[in-house]
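Chemist: Take a look at this one; I'll ask things after.
The values are calculated or read from the model by the stated rules, or taken from the named source; none is laboratory data. This structure is a prediction, so every number in the text was calculated from the model and none was measured. Neighbour counts are summed over all protein chains in view; Cβ atoms, including those assigned to glycine, are modelled from backbone coordinates with ideal geometry. Note: accessible area is taken over every heavy atom of the protein model, side chains too, but ligands, DNA and RNA are not part of it. Shrake-Rupley method; radii C 1.70, N 1.55, O 1.52, S 1.80 Å.
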Amino acid sequence: MPFGHDMVYSLATVVELVNTSPSTGGDDRLADLATLRAFVEARQVSGITTLTPRDLGQVRLVREAFHRVFTAPDQPSAVRQLNALLSETRITPRLTEHDGHPLHVHYFAPDATLSEHLAADCGVALAHLLVEGEWERLRTCSAPDCDRVFVDESRNRSRVYCDSRTCGNRMHVAAYRARRRA
C-alpha cells in the first residue's frame, strides 16, 4: 500500500484498538484504566498525561464505532459509519515532530481527549484508505473461531487471517490433518 509511515501506524493502532473489544471474541482487553494506560503507552499515543474513568468509557465507544466500520457489509455502509464517527470529532490538522518520529500530520485538536485523538487520527487514516478505493483491505479473520480485524497490507490483497503464526498456522495444520485422514 502506498501510504506513509504515520498512516500505517494509525491503521495498526485502530486494528489493535478494535481487537481489544469483546466483539472480536474473547475478553475486554480495555477492562480498566491500567489496561488503557498500557495501550496508550504501547501505541505511543502522544499528548495524553492523565486518564479518567470517563476516558475509558469514551474510548470503548470509539472502539465499537471503528468495529462497525471494519464489519460494514459494503463500502457505502463503512463510509456512513466512519462519517458518523468523524462528525463528532474535532479535527485540527497540523505538522509535528516528536518522540524521535519524523515530520508527520496529527489530526486531533491540541486539547483533545484520548477518544477524540484516536477517532481523529485513526479515522482519517481509515478515510484515506476508503478514498483510495481500498475498502476491501478492511478484513475480519477467516478462522472460524476468530473475529479479530486486520488491514490486509499484502500486495495482492490475499491475506485472510489476522495472524499467520496463530490463526493461519492453526488452519493450515487442520487442513493438512484433514487431507491425511481422507
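Chemist: Give me the angle, in degrees from 0 to 90, between the Cα long axis of helix 53-70 and the longest principal axis of the Cα atoms of the chain, rounded to the nearest 10.
Modeler: It is inclined by approximately 50 degrees.
Chemist: Report the local net charge at Arg94: Lys and Arg +1, Asp and Glu -1, summed over other residues whose C-beta lies under 13 Å from its C-beta.
Modeler: Local net charge: -3.
Chemist: Oh, and also: Give the list, by residue number, of cysteines in the chain with no other Cys Cβ closer than 4.7 Å, or say none.
Modeler: Cys122, Cys167
Chemist: In the chain, carbon and sulfur make up what percent of the accessible area (probe 1.4 Å)?
Modeler: Details: 5200 of 9920 Å².
For the chain, the apolar C and S fraction of the accessible surface comes to 52 percent.
Chemist: Suppose every K and R has +1 on its Cβ and every D and E has -1 on its Cβ; what is the size of the dipole of the chain about the Cα centre, in Debye to the nearest 20? Intermediate values should be presented prior to the final figure.
Modeler: Working: 22 positive and 23 negative charges, 205 e Å.
For the chain, the charge dipole is close to 980 debye.
Chemist: Please determine, in degrees from 0 to 90 and to the nearest 10, the orientation of helix 114-131 with respect to the longest principal axis defined by the Cα atoms of the chain, where the helix direction is its Cα long axis.
Modeler: Computed tilt is about 60 degrees.
Chemist: How far is helix 75-87 tilted, in degrees, relative to the longest principal axis of the Cα atoms in the chain, given as a value from 0 to 90 rounded to the nearest 10?
Modeler: Helix 75-87 sits roughly 30 degrees off the main axis of the chain.
Chemist: Over segment 27-100, average the accessible area per residue using a 1.4 Å probe and give it in Å², no decimals.
Modeler: Details: 4350 Å² over 74 residues.
With all protein chains present, segment 27-100 gives 59 Å² per residue.
Chemist: How large are Rg and Dmax for segment 71-182 when only the alpha carbon atoms are used, in Å?
Modeler: Rg, Dmax (Cα atoms, Å): 18.4, 62.
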